[in-house]
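All of the numbers you see were taken from the coordinates with simple rules; none came from a lab. Just so it is clear, the model here is predicted, and its values are computed rather than measured. So basically every Cβ, Gly included, is an ideal-geometry build from the backbone, and we count neighbours across all protein chains shown.
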Amino acid sequence: MTAQATTQAVTKASTKVPKRRVVQQQRSKDSQIKLLAAANELFAEKGFQRTKVTDIIERSGCSIGSFYHQFTDKHGIFEVLFQQYLDTANSAIDTAQYSLSTEPKLSQVLYKAGKMAHQLLKTHLGARRAAEELVYRGEGNLKGEAYQLTDKYIASMTHLIPLYKEQIGNINPEAAMANALQMMAMVITSQTMRPTRHLPDSEDAFIAVLVEAAGGILDLKK
């Protein structure tokens with residue numbers, strides 16, 4: 001074999017390896033996405049304790065090897081799911097934008113924020129239900145992380161008070177805003193975890209009810 005032929009052979013071999021790795025990495029990523037989606041669904045349906053690793057594998061359509069290549073155990077996949085929830089929630093809070101030009105009324109801000117929270121909590125229902133079980137069993141600092149998220153949400157919304165102060169009739173706007181947002185967060189959390197027939201099924205109607213109640217706390221001017 002000539003030197004040129006040898007060089008060409010080595011070049012071909014070296015270019016094949018990265019392609020194979022890319023394919024393997026993509027397959028691994030696809031498997032992780034499927035396993036996480038399956039775990040989120042099952043935790044939402046059955047809870048953390050009653051969900052088995054074999055259930056997650058079967059629901060995902062992935063192999064046993066794929067699961068243990070990605071995660072150590074059921075707690076491991078929960079930790080990834082819960083971190084995804086925290087990351088998504090923090091990002092949503094950080095990037096949310098409100099202004100008098102797009103939301104001239106504070107009630108519109110509350111509606112937009114409430115809808116965002118509702119959709120976020122529904123999307124990550126499995127992670128949240130699993131976290132609730134683990135908190136009940138005294139595992140980890142999950143409750144503290146959830147409280148930090150709520151505090152951050154309230155703080156970000158409280159910064160809007162100067163923009164909408166003329167619309168707020170309550171003599172203590174900061175406290176009223178915090179109470180209104182806390183009420184909305186508690187009801188949205190409860191309704192997504194354990195729905196009650198006493199509240200509207202429609203998301204729009206449900207959020208509208210909460211905005212009306214929050215408006216009462218803030219004494220919003222019509």
Dividing the mean separation of Cα pairs under 8 Å (6+ apart) by the residue count of the chain yields a relative contact order in percent of 21
Candidate cut points under trypsin sites (Lys or Arg not before Pro) in the range 134-195, DSSP loop plus at most 11 other Cβ atoms within 10 Å of their own Cβ, are Arg137
Rounded to the nearest whole number, the Stokes-Einstein translational diffusion coefficient of the range 174-222 at 37 °C and 0.692 mPa s (Kirkwood radius, C-alpha pairs) in µm²/s is 291
Given the candidates Phe78, Asn141, Leu36, the one whose Cα lies deepest towards the positive end of the charge dipole of the chain, counting +1 at each Lys or Arg C-beta and -1 at each Asp or Glu C-beta, is Leu36
Using the Cα gyration tensor of the range 80-222, the equivalent ellipsoid's semi-axes, largest first and to the nearest Å, work out to 27, 17, 14
Cα-based Debye curve of the range 45-120 sampled at q = 0.11, 0.15, 0.26 Å⁻¹ gives log₁₀ I(q)/I(0) of -0.49, -0.68, -1.19
In nanometres, the difference between 0.36 nm per residue of separation and the alpha-carbon distance of Asp87 and Arg137 is 15.6 nm
Leu42 neighbourhood, Cβ < 11 Å, K/R = +1, D/E = -1, net charge +2
With 0.36 nm assigned to each residue of separation and the Cα-Cα distance removed, Thr158 to Asp94 gains 21.7 nm
The answer for the chain, counting only DSSP H helices whose Cα atoms cover 20 angstrom or more along the axis and whose Kyte-Doolittle average is 0.5 or greater, is 173-193, 203-218
If each part is reduced to its alpha-carbon centroid, the range 111-167 and the range 66-101 end up apart, in Å, by 13
Per the rule of 0.36 nm per residue minus the C-alpha distance, extending Gln119 to Ser202 adds in nm 28.6 nm
